[in-house]
Amino acid sequence: MGRRKQNSPRHGSLAYLPKGRAKSVAGRIRYWPSIAADSPRLLGFAGYKVGMGNRYSISDQRGSPIFGQEISHSVTILETPPMIVCGIRTYSKTVNGLQSMAEAWMKDPPKELGRVFSLPKSFDTDASLDVIGKALPDVVEFRALLITQPHMTSVSKKKPELFEVKVDGGSVDSQFSYLKELLGKGVRVSDVFKEGQFIDLIAITKGKGIQGPVKRWGVKTLPHKSRKTVRGVGTLGAWTPHYVMYTVPRAGQMGFHQRTELNKKVLAISKASEGATPKEGYHKYGVLKTDYIIMKGSVMGPTKRLIKLRYASRPPAASGAASEAKPVEVQASAKT
């Protein structure tokens, strides 16, 4: 028998070219799904990556040989302090897409919001809400302006993150009433997501700087007697065309790219207690102080990276948006 040919395709997809650095350390949500709900609700939240651990739970994967048995798998802990609804923004539909119409801000915003932009002396909240109420027939979408509270966590930063979160479900009037009640109040992650639900994660991956084609694309190293280089491609291309094609693996930026992971399962949502943090603390993070969420599997980005959470845009058809997963025990690890 002849020797079996080893197939080793290069790493990475050409669909992500050009692989440049992300503009911001916080990911951007470019799409919001539509859900069939009778009552309005927020479709997103945010948290900070704490680290990884090990968890024991009952398998709910029907058709699997281990269905109903206790299994162990890796998990990722995200600390999710309450977020403040500091504003309301409305959108109308135009030939060029959605266009912002009017917005209303809370009367006494937190001082941390002044680190994001220069705050006026006072917001005329009542007048802004009246303007939105008169323009309700033209409103097609409501979005809440939320800010994070990193000072409540072990993340050593003072500037919060401000971003929009779509409100979906119910009628336009019910969404407006829902946001008026939330304006100026705090929202917890348990008010947005449930245990067993599948959600999407948006964040920026770990940055690795400028790397060569061997590490960046996984190409095979040349023999040590090769002319000029060893950790490079054998050829840059043919005589024609007279330029280097984009498909040729070259050195460049690796990491610090925005990525979206679909259908990550929420295993548990809880509040920080005595047994939530190891004695030595989480590696490079510290101690859990507020609410936290446990996700199944790994999550992109380094420790303390902002992770944005969103309702699943393409939830699994078999299990739906949420499934009943009964956790048994959590064993947190001090290292990521």
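Every residue, every condition in (1) part of a loop (DSSP other than H, G, I, E, B); (2) free of Cβ contacts under 8 Å to residues at least 24 places away in the same chain; (3) in the same structural domain as Lys166 (by TED's automatic domain parsing), yes or no:
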position	(1), (2), (3)
Asn7	yes, yes, no
Lys23	yes, yes, no
Asn54	no, no, no
Asp60	yes, no, no
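The residue list Ser34, Ser39 contains one member that is assigned to a loop (DSSP other than H, G, I, E, B), more than 21 Å from Arg188 (Cβ to Cβ) and either small (Gly, Ala, Ser) or touching an Asp or Glu at 6+ places or on another chain (Cβ under 6 Å) (or both), which is Ser34. For the stretch 162-194, a residue qualifies if it is more than 30 Å from Ser118 (Cβ to Cβ), under 17 Å from the mean Cα position of the chain (by Cα) and surrounded by fewer than 20 Cβ atoms within 10 Å (Cβ to Cβ), and the qualifying residues are Ser190, Lys194. Before we move on, is Arg28 in a loop (DSSP other than H, G, I, E, B), touching a Gly at 6+ places or on another chain (Cβ under 8 Å) and closer than 29 Å to Ile210 by Cβ? No: the conditions fail for Arg28. Inspect all residues belonging to the stretch 204-211 and state whether any of them is surrounded by fewer than 18 Cβ atoms within 10 Å (Cβ to Cβ) and part of a loop (DSSP other than H, G, I, E, B). Scanning the stretch 204-211, I find at least one residue that is surrounded by fewer than 18 Cβ atoms within 10 Å (Cβ to Cβ) and part of a loop (DSSP other than H, G, I, E, B), so the answer is yes. Of the residues Lys159, Lys134, Lys107, which is within 28 Å of the chain's Cα centre (by Cα) and among the basic types (Lys, Arg)? Residue meeting the stated conditions: Lys159.
Within the option set Arg216, Arg227, Arg231, being in a helix (DSSP H, G or I) and either outside the structural domain of Gly87 (by TED's automatic domain parsing) or crowded, with 17+ Cβ neighbours inside 10 Å (or both) holds for one residue only, Arg216. Just one of (1) free of Cβ contacts under 8 Å to residues at least 40 places away in the same chain; (2) surrounded by 13 or more Cβ atoms within 10 Å (Cβ to Cβ); (3) of a type in the set (A, V, I, L, M, F, W, C) trips up Ile147, so point out which. Answer for Ile147: the failing condition is (1). Of the residues contained in the stretch 16-31, one or more are found to be more than 15 Å from the chain's Cα centre (by Cα) and of a type in the set (A, V, I, L, M). Here Ala135 passes the criteria (1) under 20 Å from Ala268 (Cβ atoms); (2) at pLDDT 90 or above except the one numbered (1). Taking the criterion of being among the aliphatic types (A, V, I, L, M), in contact with a helix residue (DSSP H, G or I) (Cβ under 6 Å, 6 or more places away or on another chain) and within 30 Å of Lys166 (Cα to Cα), would at least one residue in the stretch 267-288 satisfy it? There is at least one residue in the stretch 267-288 that is among the aliphatic types (A, V, I, L, M), in contact with a helix residue (DSSP H, G or I) (Cβ under 6 Å, 6 or more places away or on another chain) and within 30 Å of Lys166 (Cα to Cα). Applying the condition of being among the small types (Gly, Ala, Ser) and in a helix (DSSP H, G or I) to the stretch 113-131 and asking which residue is farthest from the chain's Cα centre (by Cα) yields Ala127. Just give me the residues in the stretch 255-285 being over 30 Å from Ser13 (Cβ atoms) and of a type in the set (Val, Ile, Thr), in sequence order. Hits for the stretch 255-285 are Ile269, Thr277.
With respect to being within 17 Å of Val192 (Cβ to Cβ) and in contact (Cβ under 8 Å) with a residue 24 or more places away in the chain, Ser74 falls outside the description.
Can you confirm whether the stretch 94-114 contains a residue that is of a type in the set (Val, Ile, Thr) and either exposed (fewer than 13 other Cβ atoms within 10 Å of the Cβ) or modelled with pLDDT of 95 or more (or both)? Taking every residue of the stretch 94-114 in turn, at least one turns out to be of a type in the set (Val, Ile, Thr) and either exposed (fewer than 13 other Cβ atoms within 10 Å of the Cβ) or modelled with pLDDT of 95 or more (or both).
The rows are residues; the columns are (1) surrounded by fewer than 18 Cβ atoms within 10 Å (Cβ to Cβ); (2) touching a residue at least 12 places away in the same chain (Cβ under 8 Å); (3) within 17 Å of the chain's Cα centre (by Cα); (4) not in a loop (DSSP other than H, G, I, E, B).
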site	(1), (2), (3), (4)
Leu201	no, yes, yes, yes
Leu236	yes, yes, no, no
Tyr243	yes, no, no, no
Met254	no, yes, no, yes
Val266	no, yes, yes, yes
Ile269	no, yes, yes, yes
Tyr292	no, yes, yes, yes
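The values are calculated or read from the model by the stated rules, or taken from the named source; none is laboratory data. Note that the structure is predicted; figures quoted are calculated from it, not measured. Cβ: placed from backbone, ideal geometry, glycine included. Neighbour counts: every protein chain shown.
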